[in-house]
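Take this structure, written in structure tokens, and hold onto it; I'll ask about it next.
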Amino acid sequence: MHGSRLPTQPLGGLRKGMRAEVVGLDEGTVSTTLSPGELERRLIEMGLVEGATVEVLHEGFPARDPIAIRVNDHTVALRRNEANAVFVAVAGGAR
Amino acid sequence: MTQSAPMPTAMPAPAPMIALVGNPNCGKTALFNALTGSRQKVANYAGVTVERKEGRCIAPSGQPLRVLDLPGTYSLRARSPDEEVTRDVVLGRLPGESLPDILVCVVDATNLRLHLRLVLELKRTGRPLVLALNMMDMVERRGSRIDLDALSAALGVPVVPTVAIRRDGVRALLDAVERIAAGAADTVDGQDGWSEPDAQELRGYHRKVEAIVAQAVQAPSRSDGLTRRVDAVLLQPVLGLGILFLVLFLMFQAVFAWAKLPMDLINDGLTWLKTAVAAGLPEGPLNSLLTDGVIAGVGSVVIFLPQILVLFLFIQLLEDSGYMARAAFLLDRLMGGVGLHGRAFIPLLSSFACAVPGIMATRTIENRADRLATIMIAPLMTCSARLPVYALLIAAFIPDRALFGGAVGLQGLVMFALYATGIVAALLVAVVLKRTLFRGAREPLLMELPAYRLPRPRNLALGLAERTRIFLTRAGTRIFALMVAIWFLASFPGAPEGAEGAAIQYSFAGQIGHLLEPLLAPIGFTWQIAIALVPGMAAREVAVGVLGTVYSLSASGDALADTLGATLAASWSLPTALSLLVWYIFAPQCISTLSVVRRETNSTLWPTVMFAYMLALAYAASFVTYRLASALMGEPVAATAAVSWQSVIVLPVVVVAVGLSAWRYLLPATLRMTLRRAVGLPQPAVAACGGCSGCGGGGSAKPLDHSRRA
């Protein structure tokens, strides 16, 4: 995806403390109540857009869901389900 | 859609209107308070139930200005009723609302990357625009620097720094507004070029913002380390939840502990007033109207003001500090277990004070099905109006016995059980609703966790003053009118000559009580309780006062509780008292709640559904309680037992039948379809008949077909 050499993965799979860069958005695989295209637009409006740096700050309870993500200068809370629409390249490779 | 509405007709030299627009958490309300102080007016927008806050301020030159505080939004692409108002006002599309003369876009200067996109969107509307960089003091403290001239040049709008929490912090903004009002600075191209952006356009906005930030922000901002460190504790999964429950526990303690003294004072004042009026006026209808009707009736509501204020103080503290969003984060998954959204926490919490503000607070939930589910269970949270009833009955019937070696009192335990039953019932109802009527995945949670801030006493004071005003206005108008009506019903017609028993037995209220008695006998209620339930519809706590009147006592409030309690203990059986307690957990005894549900959902269907399901629950729960308690104590049940079993079967059937026919026949087909779509139900298959679902068990069969989870 996007020709990047780094392996990409959904943001929803990241664990606490991991940092990454957003490389693309694809809501196709995510089940949502929203109309097509709406989730993507909302994610962009919250700053989750290509090039943004993200870091998982906190995980909820139980099942480590939802997650709180540092996006550039602010913090956004979202569920892992919707976070899976955001594809990221993990800094230092996917570990 | 992009055509703006025609300009409203000009009034004789009105003060220019400036509208504050901004993201949530940008300090917009603090700025509004700094501009207008106490010169604020809170009302509703015409036709919608979104709060409209307008204030006045005087510019340095003496020019008066009107200031409108619009609901916070990330985008003009509205997603909730609040955000629609912001969009429609900005675009001049809201009927009855004049187009603002100047838009002030308020942004959090520490987070330009996220907030500047709204500025670019607002610029497209072609309206005169000023950018207020709020919280500039924070920028400096974090070691960042913003080149105001470069920012202004890049955006093409005047940029002023503001510090809403400082006295002189809005001076520059007022100067800029005045320059525009005088036509000195022209930022208008007059063309409304805004259209709803798609994902690619949003990305375009973002690239532009990135370029502007790179140009104008000279030192990279260090992230807020304090917020992060605090969150490491408060958002820690287990510890964080523990702290949240501790905060809630303290809050409820405070609601009872802090409010006790002012409530006693109000009660003393009312008793004094009542005595004074009773002594000062000749015996007769006017005396009775003023003392029994107005002072006792309105007073029984006003006495809750301290409790409501304490609760609102806590809620506002939690909100202003930024903790409320964390609470929603912590509870999202747990509440998801019953299909509720994390944001439903705030309305449900408010509902412990009163379901009316709680239901109004559901506006922040964007998805209609999620919002309706929250509205439907909000009245099951034990509101403060139920307290007097609980307190009276518990004191009268539950022995004051210590349990577990004195650690817990039996009375307190019963009170807690009543609260807990309400919460558990709400969760169960939520599960049922989300599995049937409001099926479907939950609305996504996408929520900014704002940096922690110290709440400002001034903002808290202004908020509480507004609450007090709204509450007292309500007590002085609607509740006043109801009390007069109730007094009339309970006093006329008077008892005939030589009649035995209380005069109220012969009044309209007494007749209503006797009329209802056969219906309520199966759950152990007497005709006196039946009388109390009717005015209790207006306000639950009034039932206490009515019982007092019915049992021919003249005292009120706490003084009443002592004597009335003893009277009740002597005349009711324990099963009857327990049955009434349980009834009060569920009964839809509140016209205000039902009317606010009608306004908020803009339909008569949902209040009807709410009334029906709560009534059915209350009746069933009271029935079971009464029978069970009677059986355990070996007491005979009421004489009408033969009828009772039938009525228990008949009542739910009647309720379901009425509900179904309301759904099928009373609602227009188009509205029904819209509702189904709104709550995410599958559309009925389109048949030749138009798909009225009248031939295929639309009400009962559908939920079963889809009982598996999506």
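Output yes when any residue across region A:59-66 is touching a strand residue (DSSP E or B) at 6+ places or on another chain (Cβ under 9 Å) and modelled with pLDDT of 90 or more, and no when none is.
From region A:59-66, those touching a strand residue (DSSP E or B) at 6+ places or on another chain (Cβ under 9 Å) are A:59-60, A:65-66; that's our starting set.
Narrowing the set further to residues that are modelled with pLDDT of 90 or more leaves A:59, A:66.
Yes, that holds for at least one residue.
If I ask for residues that are assigned to a helix (DSSP H, G or I) and open to solvent by 10 Å² or more (accessible area, probe 1.4 Å), which ones from region B:76-108 would you list? Show your work before the answer.
Filtering region B:76-108 down to residues assigned to a helix (DSSP H, G or I) leaves B:81-90.
Hits for region B:76-108 are B:PRO81, B:ASP82, B:GLU83, B:GLU84, B:ARG87, B:ASP88.
Oh, and also: I need the full set of residues from region A:12-33 which are open to solvent by 30 Å² or more (accessible area, probe 1.4 Å), part of a loop (DSSP other than H, G, I, E, B) and not basic (Lys, Arg), in order please.
Within region A:12-33, A:GLY17, A:MET18, A:ASP26, A:SER31, A:THR32, A:THR33 qualify.
A follow-up question, please. Residue under question is B:ASP320, and the condition is that it be touching a residue at least 60 places away in the same chain (Cβ under 8 Å), under 30 Å from A:GLU40 (Cα atoms) and assigned by TED's automatic domain parsing to the domain that holds B:PRO455; does it hold? Can you show your working first?
On the way: touching a residue at least 60 places away in the same chain (Cβ under 8 Å): yes; under 30 Å from A:GLU40 (Cα atoms): yes; assigned by TED's automatic domain parsing to the domain that holds B:PRO455: yes.
In short, yes.
Of all the residues that make up region B:330-343, how many are among the aliphatic types (A, V, I, L, M) and open to solvent by 10 Å² or more (accessible area, probe 1.4 Å)? Steps first, please.
Step one: list which residues in region B:330-343 are among the aliphatic types (A, V, I, L, M), which gives B:330-331, B:334-335, B:338, B:340.
Narrowing further to those that are open to solvent by 10 Å² or more (accessible area, probe 1.4 Å): B:331, B:334-335, B:338.
Final tally of qualifying residues: 4.
Which of the residues spanning region B:81-110 are within 12 Å of chain A (Cβ to nearest Cβ) and polar (S, T, N, Q)?
Once the filter is applied, which keeps residues that are within 12 Å of chain A (Cβ to nearest Cβ) and polar (S, T, N, Q), region B:81-110 yields only B:THR110.
Please tell me if B:ILE346 is open to solvent by 10 Å² or more (accessible area, probe 1.4 Å) and not assigned by TED's automatic domain parsing to the domain that holds B:GLY242.
Values: open to solvent by 10 Å² or more (accessible area, probe 1.4 Å): yes; not assigned by TED's automatic domain parsing to the domain that holds B:GLY242: no.
In short, no.
If B:GLY143 meets every condition in (1) under 30 Å from B:ARG368 (Cβ atoms); (2) touching a strand residue (DSSP E or B) at 6+ places or on another chain (Cβ under 7 Å) apart from one, which number is that one?
(1)
Conditions tested, residue by residue: (1) under 30 Å from the mean Cα position of the chain (by Cα); (2) exposed (fewer than 12 other Cβ atoms within 10 Å of the Cβ); (3) within 30 Å of B:LYS123 (Cβ to Cβ).
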site: B:ALA216; (1), (2), (3): no, no, yes
site: B:THR227; (1), (2), (3): yes, no, no
site: B:LEU250; (1), (2), (3): yes, no, no
site: B:ALA257; (1), (2), (3): yes, yes, no
site: B:ALA278; (1), (2), (3): no, no, no
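Separate question: Go through (1) farther than 21 Å from B:PRO71 by Cβ; (2) in contact with a helix residue (DSSP H, G or I) (Cβ under 8 Å, 6 or more places away or on another chain) for B:PRO100 and report which single condition fails.
For B:PRO100, the failing item is (1).
Suppose we filter region B:369-401 for residues that are more than 16 Å from B:PRO607 (Cβ to Cβ) and within 14 Å of chain A (Cβ to nearest Cβ); how many remain? Give the steps one after another, and end with the answer.
Restricting attention to region B:369-401, the residues satisfying the condition of being more than 16 Å from B:PRO607 (Cβ to Cβ) are B:369-370, B:381-401.
Filter once more, keeping what is within 14 Å of chain A (Cβ to nearest Cβ): B:369-370.
Adding up the residues that qualify gives 2.
Sticking with this structure for a sec: Please go through region B:241-297 and give me each residue that is of a type in the set (Asp, Glu) and touching a residue at least 24 places away in the same chain (Cβ under 8 Å), ordered by number. It would help to see each step written out before you state the result.
Just the residues of region B:241-297 that are of a type in the set (Asp, Glu), to begin with: B:264, B:268, B:283, B:292.
The answer is B:ASP264, B:ASP292.
Check B:GLU201, B:GLU178 and return the single one that is at pLDDT 90 or above, in a helix (DSSP H, G or I) and either on the phi > 0 side of the Ramachandran plot or not β-branched (Val, Ile, Thr) (or both). Give the steps one after another, and end with the answer.
Working: B:GLU178 fails: at pLDDT 90 or above.
Exactly one of B:GLU201, B:GLU178 is at pLDDT 90 or above, in a helix (DSSP H, G or I) and either on the phi > 0 side of the Ramachandran plot or not β-branched (Val, Ile, Thr) (or both), namely B:GLU201.
Of the residues B:ARG56, B:ARG66, B:ARG113, which single one is within 14 Å of chain A (Cβ to nearest Cβ) and basic (Lys, Arg)? Break it down stepwise before answering.
Numbers: B:ARG56 fails: within 14 Å of chain A (Cβ to nearest Cβ); B:ARG66 fails: within 14 Å of chain A (Cβ to nearest Cβ).
Result: B:ARG113 is the single residue among B:ARG56, B:ARG66, B:ARG113 that is within 14 Å of chain A (Cβ to nearest Cβ) and basic (Lys, Arg).
Looking at region B:437-451, can you tell me whether even one residue there is more than 14 Å from chain A (Cβ to nearest Cβ), assigned to a loop (DSSP other than H, G, I, E, B) and surrounded by 17 or more Cβ atoms within 10 Å (Cβ to Cβ)? Don't jump to the end; show me each part of the working.
From region B:437-451, those more than 14 Å from chain A (Cβ to nearest Cβ) are B:437; that's our starting set.
Narrowing further to those that are assigned to a loop (DSSP other than H, G, I, E, B): B:437.
In the following step, the residues that additionally are surrounded by 17 or more Cβ atoms within 10 Å (Cβ to Cβ) were identified as B:437.
Scanning region B:437-451, I find at least one residue that is more than 14 Å from chain A (Cβ to nearest Cβ), assigned to a loop (DSSP other than H, G, I, E, B) and surrounded by 17 or more Cβ atoms within 10 Å (Cβ to Cβ), so the answer is yes.
Here's another thing I want to ask about it. Report the residue count in region B:406-457 for those that are at pLDDT below 85 and hydroxyl-bearing (Ser, Thr, Tyr).
Number satisfying all stated conditions: 1.
State yes or no: is A:LEU6 surrounded by fewer than 18 Cβ atoms within 10 Å (Cβ to Cβ), aliphatic (A, V, I, L, M), at negative phi and at pLDDT below 90? Give the steps one after another, and end with the answer.
Values: surrounded by fewer than 18 Cβ atoms within 10 Å (Cβ to Cβ): yes; aliphatic (A, V, I, L, M): yes; at negative phi: yes; at pLDDT below 90: yes.
So A:LEU6 fits the description; yes.
Quick one: is B:LEU651 over 28 Å from the mean Cα position of the chain (by Cα), at pLDDT 85 or above and hydrophobic (A, V, I, L, M, F, W, C)? Full working, then the answer.
Numbers: over 28 Å from the mean Cα position of the chain (by Cα): yes; at pLDDT 85 or above: no; hydrophobic (A, V, I, L, M, F, W, C): yes.
For B:LEU651, the condition - over 28 Å from the mean Cα position of the chain (by Cα), at pLDDT 85 or above and hydrophobic (A, V, I, L, M, F, W, C) - is not met.
A further question on this structure: Can you tell me which of (1) within 7 Å of chain B (Cβ to nearest Cβ); (2) over 12 Å from the mean Cα position of the chain (by Cα) is the one A:GLU38 doesn't meet?
(1)
Each row is one residue, and each column tells you yes or no for (1) facing chain B (nearest Cβ under 7 Å); (2) in contact (Cβ under 8 Å) with a residue 40 or more places away in the chain.
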| site | (1), (2) |
| --- | --- |
| A:LEU48 | no, no |
| A:ALA52 | no, no |
| A:GLU82 | yes, yes |
| A:ALA91 | no, yes |
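Okay, next question. Just to be sure I understand, how many residues within region B:287-329 are in a helix (DSSP H, G or I), open to solvent by less than 10 Å² (accessible area, probe 1.4 Å) and touching a Pro at 6+ places or on another chain (Cβ under 8 Å)?
Qualifying residue count, region B:287-329: 1.
Among the residues of region A:77-94, which ones are assigned to a strand (DSSP E or B) and crowded, with 23+ Cβ neighbours inside 10 Å? Show your work before the answer.
Narrowing region A:77-94 to residues assigned to a strand (DSSP E or B): A:77-78, A:86-90.
Answer for region A:77-94, where residues must be assigned to a strand (DSSP E or B) and crowded, with 23+ Cβ neighbours inside 10 Å: A:ALA77, A:LEU78, A:VAL86, A:VAL88.
Looking only at region A:46-66, how many residues end up being surrounded by fewer than 24 Cβ atoms within 10 Å (Cβ to Cβ) and outside any loop (DSSP other than H, G, I, E, B)?
Going through region A:46-66 one residue at a time, the tally reaches 5.
Quick check, is B:SER622 crowded, with 21+ Cβ neighbours inside 10 Å and in contact (Cβ under 8 Å) with a residue 24 or more places away in the chain?
Details: crowded, with 21+ Cβ neighbours inside 10 Å: yes; in contact (Cβ under 8 Å) with a residue 24 or more places away in the chain: yes.
For B:SER622, the condition - crowded, with 21+ Cβ neighbours inside 10 Å and in contact (Cβ under 8 Å) with a residue 24 or more places away in the chain - is met.
What residue, of B:ALA361, B:ALA395, B:ALA417, B:ALA426, is over 16 Å from B:LEU349 (Cβ atoms), part of a helix (DSSP H, G or I) and within 28 Å of the chain's Cα centre (by Cα)? Give the derivation first.
Values: B:ALA361 fails: over 16 Å from B:LEU349 (Cβ atoms); B:ALA395 fails: within 28 Å of the chain's Cα centre (by Cα); B:ALA426 fails: over 16 Å from B:LEU349 (Cβ atoms).
One residue alone meets the criteria, B:ALA417.
The values are calculated or read from the model by the stated rules, or taken from the named source; none is laboratory data. It should be emphasised that the depicted structure is a prediction, and the values quoted were computed from it without experimental measurement. Don't worry about glycine lacking a Cβ; one is built from the backbone with ideal geometry, like all the others, and counts go over all protein chains shown. The accessibility values were calculated without ligands, DNA or RNA, using every heavy atom of the protein model including side chains. Shrake-Rupley method; radii C 1.70, N 1.55, O 1.52, S 1.80 Å.
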